[in-house]
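So the structure is just underneath, and the comments pick up after that.
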Amino acid sequence: MTDEQDEHEPGRVEMNIKDLIPAAWQGHQIWMSSYRAYGVPQNKLLAPDPFELLNVRCQLFWGGAPSWKTRVRMEPRVDGGVLINVEDEGFQQAPDGPFLMLMTPTEYAEGTTAEEETRSRLRSVLALLHLALGRNIAFDPLGDLILTSSGDVTAMTPALRNPTYDPPPNLPGERRQLISGLEGAISGLDEQQRNRMELSLQWFFRAEETHQGVDGFLMHWFALESLAMPGSEKIGALEKQLAEVYQLNQSDVRERFRLGKLYGLRGDIVHHGYHAPIHSRVLDFMAAMYWDLLLANLNLAPYRAAGAILAAHDIDDWFPTRK
């Protein structure tokens with residue numbers, strides 16, 4: 001506790017984070033995520049016991065939650081390039097208040113699925129806490145840290161898609177005319193068709209924002225499903241539309257566009273809880289298929305974007321191999 005206490009204010013409890021880590025986790029990396037809570041008075045958080053959920057230790061406290069401040073600045077260059085600056089402002093503590101800290105063991109390393117699996121576990125716990133205790137139990141995320149057994153701390157910043165990974169915007173007059181074509185075609189849809197189209201675009205936007213992992217895969221799939229798989233036809237409807245775009249029969253489309261693999265991967269994730277390592281290029285391929293199908297549904301000239309990817313790459317190398 002602090003040395004001085006106001007008679008009307010409860011004392012401030014100092015906690016050592018290492019004391020909150022279960023003995024069974026010693027020797028492991030510990031992922032820590034802190035969230036600001038709202039509506040919790042200080043006198044409710046003097047010495048709350050931690051609680052466990054899905055191998056995550058949850059600790060409510062009043063104090064200053066730890067975080068690592070990182071600022072990413074992107075500076076456009078006159079030649080169209082981008083200069084990316086990452087500035088570490090170092091370890092900080094948020095002003096005193098009610099916080100929730102989540103801790104869980106992890107085996108993070110570059111090139112593994114540990115980060116995605118850990119983030120998925122934490123999202124599951126947050127969903128349960130929101131349902132059981134209310135949304136304000138974890139309202140404002142402060143960031144993620146990894147504490148190693150040696151005491152080192154690593155800041156885990158949100159994934160950022162490097163803009164140099166993608167080509168520059170396509171600005172010739174032909175593409176500007178395409179924008180007018182999209183506007184006219186969407187305006188000509190009836191209300192039900194337009195609602196379905198706009199819903200699929202909302203899912204595609206979320207997929208582009210997520211741009212990685214299982215979440216990105218599922219959101220791309222939802223975008224494709226709401227656009228091109230009406231009723232009970234599902235994958236057959238998608239095959240039929242791609243067959244028309246590429247002038248192929250459906251069996252050839254199924255094999256060439258790996259629709260069986262994509263549908264099987266979706267099933268493994270949704271029905272069997274498979275935490276698949278999703279290659280970013282698989283998401284790019286799904287986005288290209290979405291573009292092909294969007295133009296087809298609007299009766300606009302095809303660009304055959306997915307076909308261009310198939311012509312340039314062996315996409316089988318991008319699919320995960322289930323062990």
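Values in this text are rule-based calculations from the coordinates and carry no lab data. This one's a predicted model, so the numbers in the text were calculated from it and none came from an experiment. Note: ideal-geometry Cβ built from the backbone for every residue, glycine included; neighbour counts use all protein chains shown.
Seen against the Cα atoms of the chain and their longest principal axis, helix 173-187 is set at about 80 degrees. Amide H to amide H, with H built 1.01 Å from N, Leu189 comes under 5 Å of no residue 5 or more places away or on another chain. Taking the longest Cα principal axis of the chain as reference, the axis of helix 191-210 is set at about 50 degrees. Here the Kirkwood formula puts the hydrodynamic radius of segment 130-235 at 18.2 Å, using every distinct Cα pair. Within the set (i) 26, 57, 15, 1; (ii) 27, 50, 20, 2; (iii) 25, 47, 25, 3, 0, the number that P(r) over Cα pairs in 20 Å bins from 0, in percent takes when calculated for this structure is listed as (iii). Compared with the dominant Cα axis of the chain, that is its longest principal axis, helix 259-272 is turned about 30°.
Please give me the summed charge of the neighbours of Arg266: other residues whose Cβ is under 11 Å from its Cβ, Lys and Arg +1, Asp and Glu -1. Local charge sum for Arg266: 0.
In order along segment 26-39, the phi-based Karplus estimate (6.51 cos²θ - 1.76 cosθ + 1.60, θ = phi - 60°) of 3J(HN,Hα) comes to 4, x, 9, 6, 10, 8, 10, 10, 10, 9, 7, 9, 9, x Hz; Gly and Pro are listed as x.
Note on segment 169-318: Cα-Cα pairs beyond 29 Å make up 14% of the total pair count.
The Cα center of segment 293-323 and the Cα center of segment 220-245 differ in position by 14 Å.
Backbone phi angles across segment 293-309, fed through the Karplus curve with coefficients 6.51, -1.76 and 1.60 (θ = phi - 60°), yield HN-Hα couplings of 6, 4, 4, 5, 5, 9, 6, 9, 4, x, 9, 6, 5, 5, x, 5, 5 Hz in residue order; Gly and Pro are listed as x. Structural descriptor for the chain: relative contact order 14 percent, calculated from alpha carbon pairs under 8 angstrom and at least 6 residues apart. Taking the inverse of the mean 1/r over every pair of distinct Cα atoms in segment 33-154 gives a Kirkwood hydrodynamic radius of 16.3 Å. Under 19 Å of direct C-alpha separation, and excluding same-chain neighbours fewer than eight residues apart, Lys261 reaches these lysines: Lys234, Lys240, Lys323. Per residue, the chain reaches -13000 deg cm²/dmol at 222 nm when only DSSP H runs of four or more residues are counted, each adding -39500 (n - 2.57).
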